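Report on the structure given below.
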Amino acid sequence: MDSLYMPLVAKKYDTKIVSNNFINALWALGYRTEDSWVAFIQMMCISGIFGSPIPKLVDYDQAIRLLNDPMLLLSNDAAQEASHLSVAAYLEAIDELGQKRWKELRGAGERQQSPGDHKLSEHLEYITSLLKRLGMVDEIFPEDDKFGKITAFLNLGAAQDTVEERTCYLKRLIDYQKVLYPLSESKVYLLGGNRKLWPETSLTTNSSKPLVNGEPLALQLVAERIYSKYLVGEVKDLDLIEIIKNAGIDRDIAIAGIAKIIQEKIVDRVFACMKNEVIRSRAEIVSEVEGKYNISWPTESDLQAKIAVLYGIYDAIVVMGEKNQGLDRPDTMSTAEKFADVFAAEHRNDLICVVSNQPFAKRQSLLFVKQLYSKVGNPLDTIVTAAGKNQGNDVVQLGVQEFLSYIHAATDIAKSGALEDYVNEELDHEFYVSIGGSTNSTDNTGTLENNVELGNESCVGGAADGADNV
C-alpha cells in the first residue's frame, strides 16, 4: 500500500513556503497528483462553500495559488489552528466548511427530497469534468491479482434502480473472479436494512414530475405476499379474489392484477389525499396494506434478495442493518456497523470488496474501513472498492453532495484512529518541491531523498486512476 505520508510544500511563482498540512490533508483524502489537488480546489469553489472574495470559478493557476495560500480559503478558527497541528485538524477545518454547504444542498429530508441548487446545473460539463478528475464518475474495477485474495463481496443497498445497477456489477465481479480463480469461494453479503420500499404511483407534481421515485418491485412483492395468503384462504377482499380466479393457473398474471388493484385503490388514493406529505403518505399506505391483508410491507433487504436471484446469485447472505435513529432508517454507517459486529471476525485481515456505484463508492468504502478497523483492527488495505460508472441524470447535484460527504467521512476516519500513525505525526519540517515541475531544492537536512517530481509520479488515488484508495 502506498505511504499515506507525503510532506509537500512550496509554490510555483516564488519561494514562499506554506503549511505542508494542507497538501498532506489532500493526500490523506486519496488525492495524490497535482491535477487532483487543483480539481479539489475548483470543486470546493464551485460547490459554493466559500464566501466573498473567493470566486466560484477559478482557473488552474488560481487554484495553484490557493493551494499555496490555503488560509485564503480556510479562514475559520479551526483552520488557524490546523496550520500548526495535525492533518486530522486540517481535515476538520475543510469539513467544517463543507458540512455547512452540504446541509444547504441536502436539506432535512431524504435524498429524493433534496432541494439542491439549480445554479450548479448551469455548470454541468465543468462539474462533471471535476468529478471525473476526482475519481467519482468512472467505474472502479479491482486489479486482477486482488481477485485471488477477495473472500467477500459486500453489495450495498439503495433504491431499486441503484440496487439493480450494483447487483449487475456484482455479478460481473463474481463471474470475473471465477474465470481468473476457478476454485474461489467468496461469500456474498447483501447489506440493506429495514427501510420500507417506496410504492409507485401514477400521480405527478404540479410541474409534471413523478410525485415520488417509486420502486416497481415494491407492489410486486406486496402482491406476491397477498397471493400467498390467498392460497391458504386468508384473503377476504372480493376484488382481489376475482382477479386471482380470472388469472387461473397463471401466477404472474394474478400477481400483476393484485399489484394494479393495490396501486389504484390504496396507493394513488392516499397520495392524492396527502400530496404534499409524501413521507406520511408512505407510512399511511404501509399501515393500511399491512392491516388489511395481514402481511409485512417489503423492505430494502427483501428488494436486494429478489434482485440477486434475478441475476442468478442464489447463496447470498442478507444482512439487515440497524436503523440510524437520526434518519429512522438504515444508512451506510449503521449497515457497516452491523456487518462488522456479526461477520467481521470471520474475515479478519481478509480482502473484502465493497460493491457500490459512482459517485457514492469512495465515501461508502471509508465507512466500512472505519467499522472494520474499530471492531477487529483490520488495516486500511483490507478493503478494496468496486464501483459502476455514474450513469444517472443527476450527476451534478448528487456528485457535489457526495464530494462533501466524502470529506466528512474521511475526517471521521482520521479522528477514529484508522489513520492514527499518519495524522498524529507532527508535520513541522519543510520540503521544497516545485509544483508542476522538477525538484530544484533540498529539504532541511540537505538531501533530495524525499523530493517528488509532480506530473510524472504514478500515485494510487490520483485523478487518472479513480482515486479510490484512502
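For the reader, a short list of remarks on this structure follows.
- Meeting the requirement of 1 or more residues that are within 27 Å of residue 171 (Cα to Cα) and modelled with pLDDT under 75, no helices (runs of 4 or more DSSP H) wholly within the range 333-426 can be named.
- Scanning the range 233-259 for residues that are within 16 Å of residue 292 (Cβ to Cβ) and either acidic (Asp, Glu) or touching a strand residue (DSSP E or B) at 6+ places or on another chain (Cβ under 9 Å) (or both) returns 234, 237, 239.
- Of all the numbered requirements in (1) within 30 Å of residue 149 (Cα to Cα); (2) of a type in the set (A, V, I, L, M); (3) over 31 Å from the mean Cα position of the chain (by Cα), residue 188 misses one, and that requirement is (3).
- Exclusive hit being free of Cβ contacts under 8 Å to residues at least 60 places away in the same chain, in a helix (DSSP H, G or I) and at negative phi, set 305, 256, 272: 256
- Pairs with Cβ under 9 Å, 6+ apart, first in the range 335-347 and aromatic (Phe, Trp, Tyr), second at pLDDT below 80 and assigned to a helix (DSSP H, G or I): 339/371; 339/372
- Within the range 202-219, the set of residues being surrounded by 19 or more Cβ atoms within 10 Å (Cβ to Cβ) and modelled with pLDDT of 85 or more comprises 214, 215, 217, 218, 219.
- Scan the range 12-34 for residues that are at pLDDT 50 or above and among the hydroxyl-bearing types (Ser, Thr, Tyr) and the total you get is 2.
- Conditions (1) assigned to a helix (DSSP H, G or I); (2) touching a residue at least 24 places away in the same chain (Cβ under 8 Å): number failed by residue 297: (1)
- Residue selected from the range 296-332 under the condition among the β-branched types (Val, Ile, Thr) and modelled with pLDDT under 95, by the criterion surrounded by the most Cβ atoms within 10 Å (Cβ to Cβ): 332
- Within the range 124-145, tally of residues that are surrounded by fewer than 16 Cβ atoms within 10 Å (Cβ to Cβ) and basic (Lys, Arg): 0
- Selection of the range 146-163 for residues being surrounded by 18 or more Cβ atoms within 10 Å (Cβ to Cβ) and assigned to a helix (DSSP H, G or I) yields 147, 160, 163.
- Restricting the range 220-245 to residues that are hydrophobic (A, V, I, L, M, F, W, C) and in contact (Cβ under 8 Å) with a residue 12 or more places away in the chain, the residue that is surrounded by the fewest Cβ atoms within 10 Å (Cβ to Cβ): 235
The values are calculated or read from the model by the stated rules, or taken from the named source; none is laboratory data. Computed from a prediction, not measured in an experiment: that's the story for all the values here. FYI the Cβ positions are ideal-geometry reconstructions off the backbone, even for glycines, and counts take in every protein chain you see.
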